[in-house]
Every structure is written in C-alpha cells, then in structure tokens.
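Below is one structure, written out as structure tokens, with a few remarks after it.
Just so it is clear, none of the values below were taken in a lab; they were calculated from the coordinates. Here the structure is a predicted model, which means the values were calculated and not measured. Positions of Cβ are generated from backbone atoms using ideal geometry, with glycine treated the same way; all protein chains shown enter the neighbour counts.
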Amino acid sequence: MSKSRRHFSNAPDPAKVVILCGGQGTRMREETEYRPKPLAEIGGRPILWHIMKGCAHFGLTRFILCLGYRGNMIKEYFLNYEAMNNDFTISLGSKSRVVHHGAHTEQDFNVTLLETGLDTMTGGRVKRTESYIDKDTFIVTYGDGVADVNLKELLRFHHAHGRLATVTTVKPFSRFGILDVDARGKVLSFAEKPQLNGWASAGFLVFNRRIFHYLTGDDCVLEQKPLERLAKEGELVAYRHEGFFYAMDTYREYRYLNELWANQEAPWKVWK
C-alpha cells in the first residue's frame, strides 16, 4: 500500500501521554539544585501539573512520566497528592486510617511513574515506555514547556495524514534583539526579539507504536537520528500551532511564566 493511502486506524485511539521528566535542568540551577525541573512551581503548582491539566482538558488523563534526575521527589509528590490536595481526618494508633474529605479536580488521572535512568537520552526514555503503551497511538512531550495546543485537533491531524509521526511546530522568536547594521556601523533597524523564519519543534509529538523500532539504546536522542530518519522516509508530518508555546529553560523564563500566571494572563490555562 502506498504511503499516501496508508492509515494506521480509521479513528484516533485514546492516547496515553508520555512526559519526559528526567533531565537535570542545568541552566536553571536556582530551582533544580534541590528539585527536578518538572516540579518547579508556577503559581504554587508544579509546571508538570500545568501540563497534565492542559492534557486533561482534551480528555487525555492517562500519563506515563519518564523519571531520572531526582525522580523520587516526583514519586513523593504523587504519593502524597490526596493528602496535600484534600482535607482529611486521620485516626492514629493500631487502627490507623485516613479519610479524605472533598474532591480535587484530578479524580480521573491515571499516572504511571517510570524510572528511566539518570543519564538516559530522550529516545532511550521513550523506548522504556514500550511495555506500557497499549494503543496504536501515543503522545510524547516535555516536562518543562506549556502551550495551548488543541490536542484533539492534533490527534485528528495525525490520523488524517496516516504517517508514523507528527511533530507540533511553532514560529520561533529570537532570544535577542536583531540589528541591521551597515558597513560603517550605522544601525538601520532594530527589532526586539523578532519572530524568525521557519518552524521549530514545540514537543507534543504523536507517534504510532512502530516508533519503537526506530529507538535503540539509552544513548538514543529522539530529536536526532529517529526523527531525521522518519523525515527522510516521509513518515514525519508537522502540525503547525499558531498559538502559545513557552519552554522553561532558564530562571528568567521561570519568572516570566510566574508573572503571566500572577497577572491572570496565562494562555496555556485552557481548563476551567
């Protein structure tokens, strides 16, 4: 069957969301010296929580978290989630028990916490999820970036194109002001952090489970040989996202996201 006609399924399967949470966040040591970057807080909640809430808004509530650096802290966060997000009554002594009161809004979340190694690369981390992926289609994203991507539309786009992989792309902005300077040093124009040409990956990749054949050992970098090979074979398509995306790579970016949240100007907050 030709690639132009091949479809892996007639309709989107309920997708699990794999979130890469294992990096050391070396450019954000002010926060990551003592905790993993996915637990860095925006408005008092970990950025990981924000990512998961955005996914849940589109009906995606089954998660696989690929742990690495200080992964035990992410485990503790979820193990203590009920107590820390509800009132509760505790009975002490030999008949100890805890009764939680009220109901937080994450009642239907299903979270698998998977140790994937301290130094494992992104492709190796995804490879280790293989036994937990029970449908043809799943999503992979990063534990340090927030966006208002419509994940239902993204999944429809992926299935409509019938390729093995879809990458969400955005128009990147320069981190610096750009000057047009003539030979004598005269500034002809200046643009503060202008939008650049081309498209950049924003995470939120959709894969058919055949992707696991493209992933090798722990040193496999997802964004290098696997995606390069998929592109060469015509198996990679791009979903163009015109909305908000922001990766929290530095302390300055961490502060910016907190300012947006504090001012009630957070575009990624698509949930009620």
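Structure data summary
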{"quantity": "Computed helical MRE - 222 nm, the chain, DSSP H runs ≥ 4 contributing -39500 (n - 2.57), nearest 500", "calculated": "-6500 deg cm²/dmol"}
{"quantity": "Per-selection Kirkwood Rh - segment 70-176 (Cα, Å, 1 d.p.)", "calculated": "18.2 Å"}
{"quantity": "DSSP loop GluC sites (Glu not before Pro) with at most 11 other Cβ within 10 Å: longest gap in the chain", "calculated": "34-191"}
{"quantity": "For segment 1-147, diffusion coefficient by Stokes-Einstein and Kirkwood Rh (Cα), 10 °C, 1.306 mPa s, µm²/s", "calculated": "93 µm²/s"}
{"quantity": "Residues 214, 251 arranged by fewest to most Cβ contacts within 10 Å", "calculated": "251, 214"}
{"quantity": "Residue pairs, from the table 16/75; 152/232; 53/225; 75/171, whose Cα atoms sit over 23 Å apart", "calculated": "152/232; 53/225; 75/171"}
{"quantity": "Cα-projected label distance for residue 86 with residue 33, points at 7 Å along beta-carbon direction, nm", "calculated": "3.7 nm"}
{"quantity": "Theoretical FRET efficiency, 1/(1+(r/R0)^6), r = Cβ-Cβ of residue 103 and residue 232, R0 45 Å, to 0.05", "calculated": "0.35"}
{"quantity": "Coil-residue trypsin sites (Lys or Arg not before Pro) of segment 49-121, DSSP, other Cβ within 10 Å capped at 10", "calculated": "95"}
{"quantity": "Stokes-Einstein translational diffusion, the chain - Kirkwood Rh over all Cα pairs, 1.567 mPa s, 4 °C, in µm²/s", "calculated": "64 µm²/s"}
{"quantity": "GNM top mover of 57, 241, 101 - the chain, alpha-carbon springs below 10 Å", "calculated": "101"}
